[in-house]
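Report on the following structure.
Just so it is clear, none of the values below were taken in a lab; they were calculated from the coordinates. Computed from a predicted model, the values in this text were never measured in an experiment. Don't worry about glycine lacking a Cβ; one is built from the backbone with ideal geometry, like all the others, and counts go over all protein chains shown.
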Amino acid sequence: MPDPFIQACTNGRLHDAREPSVSPLNRGFLYGDAIYEVWRTYDGVIFAWEEHWRRLEASAAALHFTLPFAPGAMLAEIMRTAAAWREATGLRDELYLRLQITRGGGPIGLDIALADGADYVVLVQANKEHLPAKLREGLRLSLATSLRRNPAESLDPAWKTGNYLNNILGLREARARGADEVVMLNRLGEVTEAAVSNLAFVRGGKVITPPLSAGILGGITRELLLGAVAARAGIPVREETVLPADFAAMDECFLLSTTKDLTPVAAIDEHRFSVNIHSVTQRLKAAFAGYAREYAGRHPELRVIA
């Protein structure tokens, strides 16, 4: 079976993502000198547009980037790329929308003064959901033991950058043990997050998630859970330091991410968690779906699928 089609738009040029579009001298390629954001659609509408844009601006400021466009102009480019994907595939699936921005190209060298101006690439494909069996049974996670989450004092995980080696190597270790995802610890031995998702637990009917100070990405799904979503479900939620020794006292565990919202976890190594249709996780997942539908109804200007 051929790979699913991915539509790209590089600096305004629409093309098949398999075609080359940036110079080998691009700093994103050479040094990971890049930032990015990912949106997805619900009911054909780009979800949490402003929240993701604010995080993109924060990442740009942290890396001393100047974004070369206003949000309205980039939204138009994303819409145009999504329309090209629809035309090429004939599909009306929910979409994965990625915006990658690099500092640009220029002579080889680390000095950012050598950069010749930002480049951007928009990527659009069908959003990949978990298989129904995975949602029923829950994911299996494994604790990374060979490395720790990179500390905020070095390369802050709160910045959504093009440097993902820490995540990649952590996930490689977990996959080598047959797990679906990894759980990363910080230098103090505290639980942080998974490779591409935030992490939360349920204990005594209350949701607990590691604090931002543990050294994690400020996930948009996590942010919404801590705010409107948990409140509408009537479920208490708080930030709290979590240690591996605490796993045995947890009733449930779940991942939070933009592309897959809430995903139940069945186990972290030998620690098992409850996964069933009456769980707190499933109540929150249903509340999140309702929130996303209402958001789509309130924002027809963000519709990309007719």
Would you calculate, for the chain, the mean residue ellipticity at 222 nm contributed by helices, counting each DSSP H stretch of 4 or more residues as -39,500 (n - 2.57) and dividing by all residues, to the nearest 500?
-8500 deg cm²/dmol
When the Cα centres of region 19-65 and region 185-210 are compared, how far apart do they sit, in Å?
25
Using θ = phi - 60° and the Karplus form 6.51 cos²θ - 1.76 cosθ + 1.60, what ³J(HN,Hα) does each residue of region 183-191 get, whole Hz, x for Gly and Pro?
10, 9, 9, 8, 5, 8, x, 8, 5
Return P(r) of region 23-167 (all Cα-Cα pairs; 10 Å bins starting at 0; whole %; ordered from short to long distances).
10, 32, 33, 21, 4, 0
Computed on Cα atoms, Rg of the chain relative to 2.2 N^0.38 Å comes out at 1.01
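To the nearest 20 debye, what is the magnitude of the charge dipole of the chain about its Cα centre, counting +1 on the Cβ of each Lys and Arg and -1 on the Cβ of each Asp and Glu?
500
Among I277, I216, what is the fewest-to-most ranking by other Cβ atoms within 10 Å?
I277, I216
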Rounded to whole Hz and in sequence order, give me ³J(HN,Hα) for region 272-288 from the Karplus expression 6.51 cos²θ - 1.76 cosθ + 1.60, θ = phi - 60°, writing x for Gly and Pro.
9, 10, 6, 9, 7, 6, 9, 6, 4, 4, 5, 5, 5, 4, 5, 5, 5
If I model region 32-78 as equal point scatterers sitting on the Cα atoms and use the Debye formula, what is log10 I(q)/I(0) at q = 0.17, 0.22 Å⁻¹?
-0.52, -0.83
Per 10 Å bin, what percent of the C-alpha pairs of region 173-306 does each bin hold, from zero upward?
12, 43, 32, 11, 2
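Please arrange H278, H271, H15 by counting, for each residue, the other beta carbons lying within 10 Å of its beta carbon, fewest first.
H278, H15, H271
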Sites matching trypsin sites (Lys or Arg not before Pro) across region 1-94 that sit in DSSP coil, with at most 12 neighbouring C-beta atoms within 10 Å:
R18, R92
Any idea what the dipole of region 132-295 comes to, in debye rounded to 20, about its Cα centre with Lys/Arg Cβ at +1 and Asp/Glu Cβ at -1?
360
Check which residues have an amide H placed less than 5 Å from I235's amide H, if you skip close sequence neighbours.
none
Backbone HN-Hα couplings from phi across region 291-302 [Karplus 6.51/-1.76/1.60, Hz, Gly and Pro as x]:
4, 5, 5, 5, 4, 4, x, 7, 10, x, 5, 9
